[in-house]
Structure formats: structure tokens, C-alpha cells
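First comes the structure, then the notes that go with it.
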Amino acid sequence: ESYKVMLNGPAPWGFRLQGGKDFSMPLSISRLTPGGKASQAGVGVGDWVLYIDGESTSSMTHIEAQNRIRACGDRLCLTLSR
């Protein structure tokens, strides 16, 4: 079941990514900062990142996903799956 979160910036967003096409595994949340923006929005460790700002992550490398998140500026919209 997928869900969306909207995080208001600026960074840090309070999470760490793992995976990506270059690692042959889906992008997922590997770590949350306690009390950070992501954890306050209900993001969970192990959740898969399906979309970053409406762009599918299925073919993104780890670096591409990081750059996409960095480019968001003041608002980061994620679609995640538990």
C-alpha cells in the first residue's frame, strides 16, 4: 500500500536512502533522524521510495535519487510503500 508525504524544507529531510538501480535493489529508507522531518511525517525505516517529486525511482541510480532530492529545495514530495 503506497502513501505520499510532503516534507517542507529546507533540508535536512531526516532520512538516509539505500539501494538504487546501480545496486540492483529498490530505493528504500535505511535510517531516520529521531524527531526529523521524515519521521514526523510518518516515514518508516524499510519503506520503499516509489516516486520523488512525481518521478518514478524504478530506473534511478542511488546518486540520481540523491540529486533529485537535493534539487527539491523547499518542498519534497515522496511516494512510499510499506
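The values are calculated or read from the model by the stated rules, or taken from the named source; none is laboratory data. Keep in mind the model is a prediction, meaning the values are calculated, not measured. A quick note on method: Cβ atoms are made from the backbone with ideal geometry, for glycine too, and the neighbour counts reach across all protein chains shown. Accessible surface areas use protein heavy atoms only, side chains included; no ligands, DNA or RNA. Shrake-Rupley method; radii C 1.70, N 1.55, O 1.52, S 1.80 Å.
Points to keep in mind about this one:
- Close contacts from the range 25-41, counting a first residue that is over 16 Å from SER56 (Cα atoms) and a second that is open to solvent by 40 Å² or more (accessible area, probe 1.4 Å) and in a loop (DSSP other than H, G, I, E, B), with Cβ to Cβ under 6 Å and a gap of 6+ residues or different chains, come to LEU32/VAL45.
- Taken together, the residues in the range 56-82 that are assigned to a loop (DSSP other than H, G, I, E, B), touching a Gly at 6+ places or on another chain (Cβ under 7 Å) and more than 14 Å from LEU7 (Cβ to Cβ) amount to 3.
- Some residue of the range 3-21 being open to solvent by 80 Å² or more (accessible area, probe 1.4 Å), under 19 Å from ARG82 (Cα atoms) and part of a loop (DSSP other than H, G, I, E, B): no
- Looking across SER30, SER58, one residue alone is modelled with pLDDT of 95 or more, open to solvent by less than 80 Å² (accessible area, probe 1.4 Å), of a type in the set (Gly, Ala, Ser) and farther than 16 Å from ASN8 by Cα. It is SER30.
- Residue selected from the range 33-55 under the condition touching a strand residue (DSSP E or B) at 6+ places or on another chain (Cβ under 8 Å), assigned to a loop (DSSP other than H, G, I, E, B) and open to solvent by 20 Å² or more (accessible area, probe 1.4 Å), by the criterion farthest from ALA11 (Cα to Cα): GLY46
- Residue satisfying all of: in the range 61-82; open to solvent by less than 40 Å² (accessible area, probe 1.4 Å) and in contact (Cβ under 8 Å) with a residue 60 or more places away in the chain; farthest from LEU17 (Cα to Cα) among these: GLY73
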